Amino acid sequence: MIPAIVFALLLCITSSAPASHMTQEMLDHQARTGAPWSKGEVLTVMAKLYAVFENPLTIFKTLTSDEPYECRTGFNDPPDEPCDGQDGREDGNVGNDWLPTAAKFLRLGFHDCLKYKDVSGGCDGCLEFTNMFIRYNDKASGDKRNRARLDALAGDNNNLAFAADVLEKIYTTPSFPAIATPLKSSLQKTGKSRADLWALATLASTHYTMHQNNLACQGNGDDETGGRCGHIYHHDNPGHPCEIDMAFSMEFLTGRRDCPARDKPTDPRWYRSRPYETTRKEAGPNPHGNGKATANFFRDWFGMSRRETVAILGAHSLGSLHGVTNLFKYDWKRAQTHLLNNQYYRILAQKPSLMAACGDAPTHPKFTGGPSGSLAPTGWFVRPIRKCVSGGPFEWFHYYRRCPECLGNTNIETEGDGTFRSDYCCKQCATKKAADVDPKCFTKVTKDETAIPVDTGLYFDFQTGEGGIPLGCPGFGAGKFEWSVAAINSGDGRLVDYYTTEPKCDLQHLNDGPGSLEMHEVVELYANDQKAWVDDFIPALQKMLGNGYSDGELSLSFDLKGVACKRVGKYFCTHTDLAAVEVTELGEVLEEEEV
């Protein structure tokens, strides 16, 4: 008779698969799982990322000095002409849409964590390359509204390759970039996964841009974040502190798996090969999706609630829309694009505000609003950009009912009609109350501040039709005007109001069940309470970065709470729980302790 304890031990031994009996798939799975990171490695790579965020043009020039970044342009779909500057084509010179800004790495994190259409995958350090190097061109024929392109109804990874190239250089080269403290050995050689590095870059971009928000609140920062323009909350008085309390946990978990070699292309491409390219098709969101479609996408592919969906899209507070990349254009937040904060929600909720003017000269006004500097009422126009076969993309333009930009009584306005741009209007707005100002001088004007349907669908309830056209609200086709694909494609301004269509949509009432806030109420909550948004955004971000992994698969390597990065000679980062020494020294100390 075998004693029970011995039998249990034998059962345990025989039920464990020895390495020799592991399947190739099990071995491959194990080999692709990222190794743990030391605290020194995390802080060293954080310093490298900060160096990239603050020097994107230098980094771009460094990496493209020997191998130019690939580019295709033209009117065909997909564009297939070289970016050679000939016959009006794009010239392939560096554009803001290429630069490895902090916003680009936050976007990369989301796109990396998309699952594949067979519901497998998640955060795996790989990207599908459909439309990757496209720069849409409107110059060849001089016609900005060449409606030959397919409707933009599916997202892709266009223009993310360079940000991933930067991370690949950090992954393989301990000394890159030269302006940051080097690693003792490359992340690749020490068994780290690309997926974990990309996740850290996502967290670092969040950390950095919230810190930039705080610098701008303090009146510091560079020209973009705290210089001539300054922070809009110095003028808008949002009813909550301008600065974000950074005393929250931001956990960097490791153990993500890179996509397998069998998913990578083997046939030659017209662009150079990248080790992080996958041939598998990703399930991306529809940029024209309304609130229900967007909420369902995040529920089905990320397991997120309605509230988490509203929270995670606050990432659109950062960065810009690039027409050459995705046909949508301009900024979610004018002149505040480098600051991650809750202004995105204030714009969606149509909060009265000043408009960031930030003219070309230092003497020009930074902000403009209503008569005598009052806050301007705001709202939305919907415009068909008319670059696709169905008249889209359909973009929402944020208007301010405001006065013109003036230097004293001299009008320097660039928008609106002749009257609005006259000195007469400057005098009207400076000397009269709102009720007495000539309506032509105090009117609804847009200026390069926009949103896409997935944004406005969080707050407004509308439907979508052919080609992504928004429908179902009073104001679409108001009065004598029509609102249909056929009418829009006619090009007849007598049939369609192309510029000032103002929908009067119901609010978005979707919610997570009895007792929960409706989505429009969540937008209002975040608009009025920045801390409430941060408290929801960070967990939603971490949930996104765990997409494709079950509980317990990822392990905590480091909490970024308490990290501070700066440049003294080279960039380095420290942590409040550790001695305030440079990362090189810190890394050596930690490695000795861990041995």
Ile452 accessible area, assembled protein chains, probe 1.4 Å, Å²: 10 Å²
Sites Ala435 and Thr173 - FRET efficiency at Förster radius 56 Å, r taken between beta-carbons, to 0.05: 0.30
Report the one residue of Phe460, Val523, Trp37 whose Cα lies farthest in the direction of the positive end of the charge dipole of the chain (charges on C-beta: Lys and Arg +1, Asp and Glu -1; origin at the Cα centre). Phe460
Put +1 on the Cβ of each Lys and Arg and -1 on the Cβ of each Asp and Glu in the chain; which of Gly291, Leu327, Cys71 then has its Cα farthest toward the positive end of the dipole? Leu327
So how far apart, in nm, are the two label points at Asp423 and His240 if each is 7 Å from Cα heading toward Cβ? 4.5 nm
Of Tyr424, Asn214, Tyr171, whose Cα points farthest to the positive end of the dipole of the chain (charges on the beta-carbon: +1 Lys, Arg; -1 Asp, Glu; origin at the Cα centre)? Tyr424
Placed amide H near Phe462: partners under 5 Å, 5+ positions off or other chain: Gly291
Calculate, in nm to one decimal, what Lys531 and Ala361 gain on full extension: separation in residues at 0.36 nm each, minus their alpha carbon distance. 57.7 nm
With a 1.4 Å probe and all protein chains kept in place, how do Thr206, Thr431 rank by accessible area, largest first? Thr431, Thr206
State, to one decimal in nm, how far the label point of Ser374 lies from the label point of Lys444, with both points 7 Å from Cα in the Cβ direction. 1.9 nm
For Val445, distant residues with modelled amide H under 5 Å away: Tyr400, Arg401, Arg402
How far apart, in nm, are the 7 Å Cα→Cβ label points at Asn76 and Thr190? 4.7 nm
Given unit charges at Cβ for Lys, Arg (+) and Asp, Glu (-), the dipole magnitude of region 428-525 about its Cα centre in debye, nearest 20, is 600 debye
Spatially proximal lysines relative to Lys117 (Cα-Cα < 26 Å; intrachain offsets below 8 disregarded): Lys104, Lys264, Lys281, Lys292, Lys543
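Which trypsin sites (Lys or Arg not before Pro) in region 100-138 sit in a loop by DSSP (not H, G, I, E or B) and have at most 16 other Cβ atoms within 10 Å of their own Cβ?
Passing both the DSSP loop test and the Cβ count: Lys117.
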Quick shape check on region 94-135: root eigenvalues a ≥ b ≥ c of the Cα gyration tensor, a/c under 1.5 is rounded, otherwise prolate if a/b tops b/c, else oblate, and it reads oblate
Excluding ligands, DNA and RNA, what is the solvent-accessible area per residue of the chain at a probe of 1.4 Å, expressed in Å²? 42 Å²
Within straight-line cross-link reach of Lys433, lysines at Cα separation under 25 Å, skipping those fewer than 8 residues along the same chain: Lys351, Lys366, Lys444, Lys447
Burial-style ranking of 475-481, 196-202, average other-beta-carbon count within 10 Å with highest first, yields 196-202, 475-481
So between Thr62 and Asp263, what do we pick up on full extension, going 0.36 nm a residue minus the alpha carbon distance? 69.4 nm
Local charge sum around Pro474 (other residues, Cβ-Cβ under 13 Å, Lys/Arg +1, Asp/Glu -1)? -2
222 nm mean residue ellipticity, helices alone, for the chain (DSSP H n ≥ 4; -39,500 (n - 2.57); rounded to 500): -9000 deg cm²/dmol
For the Ser555, Asp577 Cβ pair and Förster radius 25 Å, calculated FRET efficiency rounded to 0.05 is 0.85
Reachable aspartates and glutamates from Lys570, Cα under 19 Å, same-chain residues fewer than 8 places away excluded? Glu41, Glu54, Asp222, Glu582, Glu585, Glu588
Which three extents, in angstrom, do the Cα atoms of region 484-575 have along their principal axes, listed largest first? 63, 48, 32
Heads up, region 51-154 by the C-alpha gyration tensor (a ≥ b ≥ c square roots of eigenvalues; a/c under 1.5 rounded, else a/b over b/c prolate, else oblate) looks oblate
Nearest 0.05, what FRET efficiency do Ala247 and Asp91 give at R0 = 45 Å with Cβ-Cβ as r? 0.45
With +1 assigned to the C-beta of every Lys and Arg and -1 to the C-beta of every Asp and Glu, and no other charges, what is the dipole magnitude of the chain about the Cα centre in debye, to the nearest 20? 1000 debye
How big is the Kirkwood radius of region 416-517, worked out from every pair of different alpha carbons and given in Å to one decimal? 16.8 Å
Is region 311-439 best put as rounded, prolate or oblate by its Cα gyration tensor, with a ≥ b ≥ c the root eigenvalues, rounded for a/c under 1.5, and otherwise prolate when a/b is larger than b/c, oblate when not? prolate
State the percentage of accessible surface on the chain attributable to carbon and sulfur atoms; use a 1.4 Å probe and exclude ligands, DNA and RNA. 52 percent
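The values are calculated or read from the model by the stated rules, or taken from the named source; none is laboratory data. Just so it is clear, the model here is predicted, and its values are computed rather than measured. FYI the Cβ positions are ideal-geometry reconstructions off the backbone, even for glycines, and counts take in every protein chain you see. These accessible areas exclude ligands, DNA and RNA; they are computed on the full protein's heavy atoms, side chains included. Shrake-Rupley method; radii C 1.70, N 1.55, O 1.52, S 1.80 Å.
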